[in-house]
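Please read the structure below before turning to the comments.
Taken together, the values in this text are just the output of simple stated rules run on the coordinates, not laboratory data. Bear in mind that the values here come from a model prediction, so they are computed numbers and not experimental data. Because the Cβ atoms are built from the backbone with ideal geometry, glycine has one as well, and the counts that use them run over all protein chains shown.
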């Protein structure tokens with residue numbers, strides 16, 4: 001009797017060009033080599049003890065079951081109040097504010113709500129690595145507009161030339177990761193001019209909204225009336241309150257957009273961890289918790305850059321975010337990826353090669369360092385880098 005021949009089913013990848021993220025790669029290498037990890041974007045210090053106490057209060061108080069799909073009402077109300085106080089823009093906490101399991105989930109839900117197979121999405125690169133997979137998984141096609149050093153200012157004529165009848169969405173990020181560029185009021189006006197009379201929506205990643213330097217103002221897209229009615233504004237408590245491991249984000253959008261957003265959100269995570277939402281609702285009542293961030297992080301940026309001042313690295317101080325892009329063009333012609341690996345192993349400082357944020361891996365001889373670390377760590381890292 002012959003043995004039946006069986007064939008193994010072959011799974012075709014929906015993301016054939018996606019591997020392990022560079023953040024995982026570099027953090028793993030840093031851990032293996034004992035290097036100072038200035039690669040992955042997470043604070044090297046803990047959050048407020050007051051916030052921890054509030055979480056404990058609600059944990060012990062029995063707030064441990066499912067939260068409403070849209071988020072705990074107290075947190076949505078606190079977010080709406082904060083948004084009005086900071087930007088003079090009103091969102092209805094019942095129908096226009098949604099709590100999510102991190103900003104990445106919010107970005108995915110917003111993209112999914114809008115993008116259909118064959119739609120084109122404008123991506124300003126270098127871009128955070130979750131944007132393009134979200135587009136492609138929904139059948140969309142990314143269309144790239146390249147920002148270049150040292151300023152990374154947006155060439156709005158280039159954006160205009162990339163828009164077609166199939167353009168459905170534009171993905172933006174301010175303050176910008178990895179370059180630190182902060183949008184101006186003119187940027188908002190230019191974008192509004194571009195999408196006027198076109199069926200184009202916006203997803204605005206504003207997770208670093210409170211981390212701005214040298215007196216700059218955050219020009220949220222919600223502050224421009226024409227843009228506000230077309231925009232999903234995505235925020236994150238992780239970056240604001242040093243709690244990236246809690247994965248709590250949110251989306252602010254007009255009622256019609258929020259309704260479509262929530263249809264997607266309810267089948268991604270349904271709801272987000274309950275006691276932490278209650279704690280954040282209380283913690284937001286005191287604005288100093290986020291208004292002190294510009295001074296706090298500018299001091300760290302300046303400390304790190306002062307340590308590099310006598311080195312052969314060159315840089316334009318970041319305008320916002322907690323990342324600093326640094327040029328090594330005067331030191332070596334090595335590809336940035338190779339140099340990032342070598343510096344992690346040889347001098348014990350891990351960074352992110354900026355080329356990974358570009359579709360074509362454009363290599364401008366730049367490394368990105370996260371300065372959301374303790375002062376002693378930043379000083380030690382700068383000392384090691386200055387030996388090159």
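I need the shape label for the chain. Rule: rounded when a/c is under 1.5, else prolate if a/b > b/c, else oblate, with a, b, c from the alpha carbon gyration tensor. Rounded, since a/c falls under 1.5. Oblate is the label for segment 103-165, because a/c, from the alpha-carbon gyration tensor with a ≥ b ≥ c as root eigenvalues, is 1.5 or above and a/b does not exceed b/c. Taken over the alpha carbons of segment 180-280 as equal point scatterers, the Debye sum produces base-10 log I(q)/I(0) values at 0.12, 0.16 Å⁻¹ of -0.48, -0.82. When Rg is the radius of gyration of the Cα atoms in segment 1-137 and Rh is its Kirkwood radius, what does Rg/Rh come to? Ratio of gyration radius to Kirkwood radius for segment 1-137: 1.09. Taking the chain as a Gaussian network, where each spring joins two C-alpha atoms under 10 Å apart, which residue of 265, 176, 289 fluctuates the most? Result: 289 has the largest fluctuation of those listed. Apply the a/c threshold of 1.5 to the C-alpha gyration tensor of segment 210-250 and tell me whether it is rounded, prolate or oblate. Oblate is the answer for segment 210-250, as a/c is 1.5 or above yet b/c matches or exceeds a/b. For segment 56-158, the equivalent ellipsoid built from the Cα gyration tensor has semi-axes of 34, 19, 14 Å, listed from largest to smallest.
Here 370, 47, 251 are placed in order of increasing Cβ neighbour count within 10 Å, fewest first, which gives 47, 370, 251. Residues 206, 256, arranged from fewest to most other Cβ atoms within 10 angstrom of their Cβ, appear as 256, 206. Put in order of Cβ neighbour count within 10 Å, fewest first, the listed residues 295, 282, 214 become 295, 214, 282. Full extension of the segment from residue 358 to residue 184, taken as 0.36 nm per residue of separation minus the current Cα-Cα distance, would add 60.4 nm. DSSP bridge analysis restricted to the chain gives an antiparallel fraction near 45%, rounded to the nearest 5.
Roughly speaking, what is the centre-to-centre gap between segment 18-38 and segment 204-268 when only Cα atoms are used, to the nearest Å? Cα centres, segment 18-38 to segment 204-268: 28 Å.
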